[in-house]
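Engineer: Before I ask anything, let me first share the structure, which is written out below as structure tokens.
The values are calculated or read from the model by the stated rules, or taken from the named source; none is laboratory data. Just so it is clear, the model here is predicted, and its values are computed rather than measured. Reconstructed Cβ throughout: ideal geometry from the backbone, glycine too, with neighbour counts over all protein chains shown. What goes into the accessible areas is simple: the full protein's heavy atoms, side chains included, and nothing from ligands, DNA or RNA. Shrake-Rupley method; radii C 1.70, N 1.55, O 1.52, S 1.80 Å.
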Amino acid sequence: MFAPLLPGCGSQLETRESYLIVPGQRVGAITPETTEAQLRAHYGADRIHPLEVHVGEGFIEEGVEVFPGDPARRLQIVWSDRGTPRSVHVLGSAWHTPEGVELGSTLRELERLNEGSFQLTGFSWDYSGTVVSWNGGKLENELGRDKGVILRLAPEDGSGDPRVDGDAIFPSDHPVMQELNPVVYAFVLDFE
């Protein structure tokens, strides 16, 4: 079932629900079963552009960008061999989870929503700032790795600190992490 249509895409008006991310289930109207034809019919063919999506470590995959150039609604989709989304890369500021996690959410906001600290990797490498565990907190059920969520944080001003850099795991309540208070800069949903 599709979420309400966006302006110019049909007769229904855009709502906050239009931008809801439900890990493991959907990103707005995009589900694990959505085809490119359905995507074009729902959002409008002029809002879907072919694209090579950077997936990390120098690799690229064929996909599409939805709402290119729109900083609030932009998404990238990598297709599976079945012609359905394998992953959705959230790039727009309007997208959010029911709990309110979105691009720009701070480490301290995530701790508050989680009702406790969590663990993330160090900065300044390919998997910089990746949340690796919610430590059994409230967000574990919604954003745990078993839901296919990849959430990455980085210091907002781009500065770092060698005490929390590299391929190591740090608690979010580490004093340097608290001082930096990094923000969510990457939000990827894997459907496979």
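Engineer: For R163, all conditions in the list (1) open to solvent by 50 Å² or more (accessible area, probe 1.4 Å); (2) part of a loop (DSSP other than H, G, I, E, B) hold save one; what is the number of the exception?
Structural biologist: (2)
Engineer: Now a separate question. Suppose we keep only residues that are open to solvent by 10 Å² or more (accessible area, probe 1.4 Å) and of a type in the set (S, T, N, Q) within region 88-107. Which one would you say is farthest from Y127 (Cα to Cα)?
Structural biologist: S93
Engineer: While we're here: Could you tell me whether any residue of region 27-35 is aliphatic (A, V, I, L, M), over 22 Å from K147 (Cβ atoms) and more than 14 Å from the chain's Cα centre (by Cα)?
Structural biologist: First, the residues of region 27-35 that are aliphatic (A, V, I, L, M): 27, 29-30.
Applying the additional criterion that residues be over 22 Å from K147 (Cβ atoms) yields none.
No, region 27-35 has no match at all.
Engineer: When region 66-87 is examined, which residues are found to be open to solvent by 20 Å² or more (accessible area, probe 1.4 Å) and not in a loop (DSSP other than H, G, I, E, B)?
Structural biologist: Start the filter on region 66-87 by keeping residues that are open to solvent by 20 Å² or more (accessible area, probe 1.4 Å), which leaves 68-74, 76, 79, 81-83, 86.
Across region 66-87, the qualifying residues are Q76, W79, R86.
Engineer: I need a count of the residues in region 119-142 that are within 19 Å of G104 (Cα to Cα), among the aromatic types (F, W, Y) and either open to solvent by 20 Å² or more (accessible area, probe 1.4 Å) or not in a strand (DSSP E or B) (or both).
Structural biologist: 2
Engineer: Further, regarding this structure: Every residue in region 122-138 that is closer than 18 Å to L103 by Cα and in contact with an Asp or Glu (Cβ under 7 Å, 6 or more places away or on another chain), please. Give the derivation first.
Structural biologist: The initial filter retains those residues of region 122-138 that are closer than 18 Å to L103 by Cα, namely 123, 127-132, 134.
Of everything in region 122-138, those that are closer than 18 Å to L103 by Cα and in contact with an Asp or Glu (Cβ under 7 Å, 6 or more places away or on another chain) turn out to be F123, W134.
Engineer: Suppose we filter G58, G44 for residues that are open to solvent by 10 Å² or more (accessible area, probe 1.4 Å) and in contact with a Cys (Cβ under 6 Å, 6 or more places away or on another chain); which single one remains?
Structural biologist: Details: G58 fails: in contact with a Cys (Cβ under 6 Å, 6 or more places away or on another chain).
Residue meeting the stated conditions: G44.
Engineer: Taking region 98-151, which residues are of a type in the set (S, T, N, Q) and modelled with pLDDT of 95 or more?
Structural biologist: If the condition is that a residue be of a type in the set (S, T, N, Q) and modelled with pLDDT of 95 or more, then S105, T106, N114, S117, Q119, T121, T130, S133, N135 are the ones that fit.
Engineer: Another one. Filter region 166-192 down to the residues that are touching a Phe, Trp or Tyr at 6+ places or on another chain (Cβ under 9 Å) and over 16 Å from F118 (Cβ atoms), then identify the one that is surrounded by the most Cβ atoms within 10 Å (Cβ to Cβ).
Structural biologist: Among those residues, the one meeting the criterion is G166.
Engineer: It is to be established whether one or more residues within region 143-158 are in a helix (DSSP H, G or I), touching a residue at least 40 places away in the same chain (Cβ under 8 Å), crowded, with 21+ Cβ neighbours inside 10 Å and under 20 Å from the mean Cα position of the chain (by Cα).
Structural biologist: Yes - at least one qualifying residue is present in region 143-158.
Engineer: Further question: Would you confirm whether or not region 159-179 contains a residue that is on the phi > 0 side of the Ramachandran plot and in contact with a Ser or Thr (Cβ under 8 Å, 6 or more places away or on another chain)?
Structural biologist: First, pick out the residues of region 159-179 that are on the phi > 0 side of the Ramachandran plot: 166.
Checking which are in contact with a Ser or Thr (Cβ under 8 Å, 6 or more places away or on another chain) leaves us with 166.
Checking region 159-179: at least one residue is on the phi > 0 side of the Ramachandran plot and in contact with a Ser or Thr (Cβ under 8 Å, 6 or more places away or on another chain).
Engineer: How about region 93-118: which of its residues are free of Cβ contacts under 8 Å to residues at least 24 places away in the same chain and either assigned to a loop (DSSP other than H, G, I, E, B) or under 11 Å from the mean Cα position of the chain (by Cα) (or both)? Reasoning before the result, please.
Structural biologist: Our first condition is that a residue be free of Cβ contacts under 8 Å to residues at least 24 places away in the same chain; within region 93-118, this holds for 93, 100, 109, 112, 115-116.
Passing the criteria: S93, G100, E115, G116.
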